[in-house]
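S.K.: Pasting a structure below so you can have a look.
The values are calculated or read from the model by the stated rules, or taken from the named source; none is laboratory data. In this text, all values refer to a predicted model and were calculated from it rather than measured experimentally. Please note: Cβ atoms are built from the backbone with ideal geometry, for glycine as well, and neighbour counts cover all protein chains shown.
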Amino acid sequence: MGNVPDISIIVPCFNAERYLGTCLESLAAQKTPDIEMIIIDDGSTDGTGAILDSFMKAESRARVYHVPNEGVSAARNRGISLAKGRYIAFLDADDALEGNALAALYQTAVRTGAEIISANHTLFDIEFGNRVPIEIEPVVQQPSEIVREIIHMHRIYNNLWNKLYARALFEDGLRLDERVSIGEDALLNLQLYLHAGRVAHVNEKTYVYRIHSGSAMSRIEHYTEAHRPMLRSMEEILRRESVKELYFRDFLQSAIWLDEKEHGIRDTMGRFNDEIRPLVLTGIDEAKIPQRDRRIYRMVKAGCFPQFYLCTRVCEKVTGRKWGIRR
């Protein structure tokens with residue numbers, strides 16, 4: 001392996017012995033480009049550590065680090081700091097790469113000069129054997145518009161594991177928020193896309209996201225409360241990057257949706273002014289809000305937004321048209 005590999009791929013592992021074999025097989029099958037595998041054993045108490053040590057003996061490109069358990073975000077952050085490659089990719093221990101995954105991503109990076117390259121992926125239900133393709137249509141070309149999609153919880157742009165990132169994007173210290181356990185991928189991507197100059201998308205599927213009873217998303221209870229730390233962190237990022245006004249409408253809709261998904265429209269609007277409105281309005285300079293969004297901003301500020309929102313939802317049901325606040 002050369003001094004500077006093309007890609008550093010980071011694999012956090014915690015008690016993953018049941019699924020790790022498929023993951024490591026798919027990793028070993030990546031023949032090009034030149035890669036280094038940074039595998040973090042995050043304090044596993046099952047056979048994960050032994051499996052990884054055996055893999056490292058057989059795979060010269062692999063480096064395994066056994067560390068105390070600190071969580072997946074800390075493990076990924078450790079991997080980012082250790083990475084030497086021109087680009088960084090992520091793989092979860094219970095998932096798998098398609099055979100051409102890293103080659104397809106890297107070739108697109110070289111051809112386009114993009115700093116972030118996303119790709120389609122496949123959902124695979126391990127228990128039932130179902131495969132569901134997840135594809136972007138239409139593909140968004142501008143980083144600023146992808147930021148908008150991330151705020152709206154996009155099912156491809158939010159994830160870390162179906163992308164390739166220029167390592168230079170991390171050199172200013174961008175890392176995962178270790179305080180957040182749900183939505184941490186989206187928060188880092190939000191910042192990375194805000195800092196990226198050029199992006200690209202690979203239409204082929206490069207990643208297999210394997211669904212099983214132990215998956216993090218399958219264990220979520222109290223959906224709204226589980227996502228609240230992510231929402232607060234997202235607000236902080238938008239304000240720190242001085243773009244909260246630009247994405248005011250999008251953040252407002254996302255904050256509503258996270259509550260509405262669990263509690264329903266009426267309950268969410270019933271507590272909107274007391275619980276959602278303060279977060280949405282924090283740090284806002286009205287003069288910086290795009291003209292097209294000022295009417296909605298003023299309704300939120302005046303406290304009459306819930307009535308407006310309920311009316312638009314009624315109109316949607318009656319007319320069959322989308323009258324929602326998202327553009």
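S.K.: So, Ser73, is that one hydroxyl-bearing (Ser, Thr, Tyr), under 21 Å from Gly99 (Cα atoms) and at pLDDT 95 or above or not?
M.R.: Working: hydroxyl-bearing (Ser, Thr, Tyr): yes; under 21 Å from Gly99 (Cα atoms): no; at pLDDT 95 or above: yes.
When the stated conditions are applied, Ser73 does not pass them.
S.K.: Arg111: surrounded by fewer than 20 Cβ atoms within 10 Å (Cβ to Cβ) and either touching a Leu at 6+ places or on another chain (Cβ under 7 Å) or closer than 24 Å to Leu20 by Cβ (or both), yes or no?
M.R.: Details: surrounded by fewer than 20 Cβ atoms within 10 Å (Cβ to Cβ): yes; either touching a Leu at 6+ places or on another chain (Cβ under 7 Å) or closer than 24 Å to Leu20 by Cβ (or both): no.
For Arg111, the condition - surrounded by fewer than 20 Cβ atoms within 10 Å (Cβ to Cβ) and either touching a Leu at 6+ places or on another chain (Cβ under 7 Å) or closer than 24 Å to Leu20 by Cβ (or both) - is not met.
S.K.: How many residues are surrounded by fewer than 17 Cβ atoms within 10 Å (Cβ to Cβ) and of a type outside the set (Phe, Trp, Tyr) when one looks only at the stretch 117-135?
M.R.: Final tally of qualifying residues: 11.
S.K.: Can you tell me which residues in the stretch 3-27 are more than 23 Å from the chain's Cα centre (by Cα) and within 18 Å of Ala83 (Cα to Cα)? Please lay out each step first, then the result.
M.R.: Here is the first cut: in the stretch 3-27, the residues more than 23 Å from the chain's Cα centre (by Cα) are 3-5, 17-18, 21, 25.
Of everything in the stretch 3-27, those that are more than 23 Å from the chain's Cα centre (by Cα) and within 18 Å of Ala83 (Cα to Cα) turn out to be Asn3, Val4, Pro5.
S.K.: Let me ask you something else. Within the stretch 51-63, is there a residue that is touching a residue at least 12 places away in the same chain (Cβ under 8 Å) and under 22 Å from the mean Cα position of the chain (by Cα)?
M.R.: No - not one qualifying residue is present in the stretch 51-63.
S.K.: Closer than 22 Å to His212 by Cα, in contact with a Ser or Thr (Cβ under 7 Å, 6 or more places away or on another chain), in the same structural domain as Val208 (by TED's automatic domain parsing) and surrounded by 21 or more Cβ atoms within 10 Å (Cβ to Cβ): which single residue out of Ala16, Ala93 fits that description?
M.R.: Ala16
S.K.: Within the stretch 250-308, which helices (runs of 4 or more DSSP H) (wholly inside it) include 1 or more residues that are among the small types (Gly, Ala, Ser) and modelled with pLDDT of 95 or more?
M.R.: Output list reads 265-270, 294-302.
S.K.: Could you identify the single residue in Val147, Val208, Val140 that is part of a loop (DSSP other than H, G, I, E, B) and buried (at least 17 other Cβ atoms within 10 Å of the Cβ)?
M.R.: Numbers: Val147 fails: part of a loop (DSSP other than H, G, I, E, B); Val208 fails: part of a loop (DSSP other than H, G, I, E, B).
Every option except Val140 fails the conditions.
S.K.: Within the bounds of the stretch 247-254, is there any residue that is in contact with a helix residue (DSSP H, G or I) (Cβ under 9 Å, 6 or more places away or on another chain), of a type in the set (Lys, Arg) and more than 11 Å from Arg148 (Cα to Cα)?
M.R.: There is no residue in the stretch 247-254 that is in contact with a helix residue (DSSP H, G or I) (Cβ under 9 Å, 6 or more places away or on another chain), of a type in the set (Lys, Arg) and more than 11 Å from Arg148 (Cα to Cα).
S.K.: Still on this structure, please answer the following. How many of the residues making up the stretch 168-195 are in contact with a helix residue (DSSP H, G or I) (Cβ under 9 Å, 6 or more places away or on another chain), closer than 19 Å to Ser8 by Cβ and part of a loop (DSSP other than H, G, I, E, B)?
M.R.: Adding up the residues that qualify gives 4.
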